[in-house]
Each structure stands twice: as C-alpha cells, then as structure tokens.
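The block underneath contains the structure these notes are about, expressed in structure tokens.
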Amino acid sequence: MPDQYAISKLKEVVQKRGGNFLNPDDSMTNQLLESLLINEERYGYLFCPCRLATGKYTQDLSMICPCDYRDEDINEFGTCYCGLYVSREVLVKKKEVITVPERKDRPPSPIKMWRCKVCGYLCVRPLPPDVCPICGVTHDRFEEYRIK
C-alpha cells in the first residue's frame, strides 16, 4: 500500500506536467493517485485504475496514465474517464463534473497539429490544450499549424 508521501510525490509530478489540472476533490484525487501507485507496483506502470489491465505493457499502453483518451474527454466533458484530470472550467467550478462514457471503442476524432503562438510549443491532438504546458497561456493562444 503506497504511503501518503508517495501519493504526494506523484501528485507533485502530475501537476508539474503542465497544461492539465487535477480534480479539486482532494479525497477522490488522492484515492486515484493511490490506485495508480498500486497498479505501478503490480504491473510496473501507472495503469488507469478505472480500467482492467492485461499486465502486458504493449496491450495496456493506451490506458497508461495519462491515457490516450484524456484530452478528448476533457475537451468534450470537462474531465477524463476516471476523473483525475479536469478542465479549467471544472477547476474553477464553472462546469459540473459529469460521468464520461467509455471512449476507447469509439473512432478517434481527427487530429491536427497545434502551435502555441507565444513559445512555439507543438502538439498533435484534436483540439489545443487548455493551457500550454511550456509557457502557461490559454488555448486561445494556439493556432492550427500546417507544414508547408
């Protein structure tokens, strides 16, 4: 069982990744982080606690936290499937947290390349991030980027 120190360190690491916000419900967030650490002990990687792992890294890769579906879930619903990550609107209580339907069986949204107009950060995803993980500006400072 992970101790409080390990949970705090993981929380610190997740928050430093930038561009994402943890659920403001500390009790829920700490339970999810503890479950991630238990899965790391069990499987060797931070597998999403809300899904079933096979124990085979290559098969589980899309569900290793942060999972492949996190960004689309946050953009569409304000939170990821397990509720660990939330949008800025949910963080400041402008939007309610709702149940997120399973996305892994649905076809993926078309992806685009986005460029932060402030620092040049590039990312490939359906929509720009809420906050640039490099310089901290909001999504409205991103532009679709096309290689000429």
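A few remarks follow.
- The set of residues from the range 128-148 being surrounded by fewer than 16 Cβ atoms within 10 Å (Cβ to Cβ), charged (D, E, K, R) and either touching a residue at least 40 places away in the same chain (Cβ under 8 Å) or within 18 Å of E76 (Cα to Cα) (or both) comprises just one member, D140.
- Of residues in the range 64-86 being part of a strand (DSSP E or B) and of a type outside the set (F, W, Y), the one nearest to D26 (Cα to Cα): V86
- Scanning the range 86-100 for residues that are within 28 Å of C135 (Cβ to Cβ) and either polar (S, T, N, Q) or modelled with pLDDT of 80 or more (or both) returns V86, S87, R88, E89, V90, L91, V92, K93, K94, K95.
- Candidate set: the range 101-127, residues that are assigned to a loop (DSSP other than H, G, I, E, B) and modelled with pLDDT of 90 or more; chosen: the one surrounded by the most Cβ atoms within 10 Å (Cβ to Cβ): Y121
- D60 being assigned by TED's automatic domain parsing to the domain that holds L84 and within 17 Å of V100 (Cβ to Cβ): no
- Helices (runs of 4 or more DSSP H) (entirely within the range 1-63) containing at least 2 residues that are of a type in the set (G, A, S) and over 30 Å from D140 (Cα atoms): 4-16, 26-43
- Some residue of the range 85-105 being closer than 18 Å to N20 by Cβ, in contact (Cβ under 8 Å) with a residue 24 or more places away in the chain and aromatic (F, W, Y): yes
- Scanning the range 30-47 for residues that are surrounded by 13 or more Cβ atoms within 10 Å (Cβ to Cβ) and farther than 14 Å from A6 by Cβ yields Y43, Y45, F47.
The values are calculated or read from the model by the stated rules, or taken from the named source; none is laboratory data. Values in this document were obtained by computation on a predicted structure and should not be read as measured data. Neighbour counts run over all protein chains shown; Cβ positions are idealised from the backbone, glycine included.
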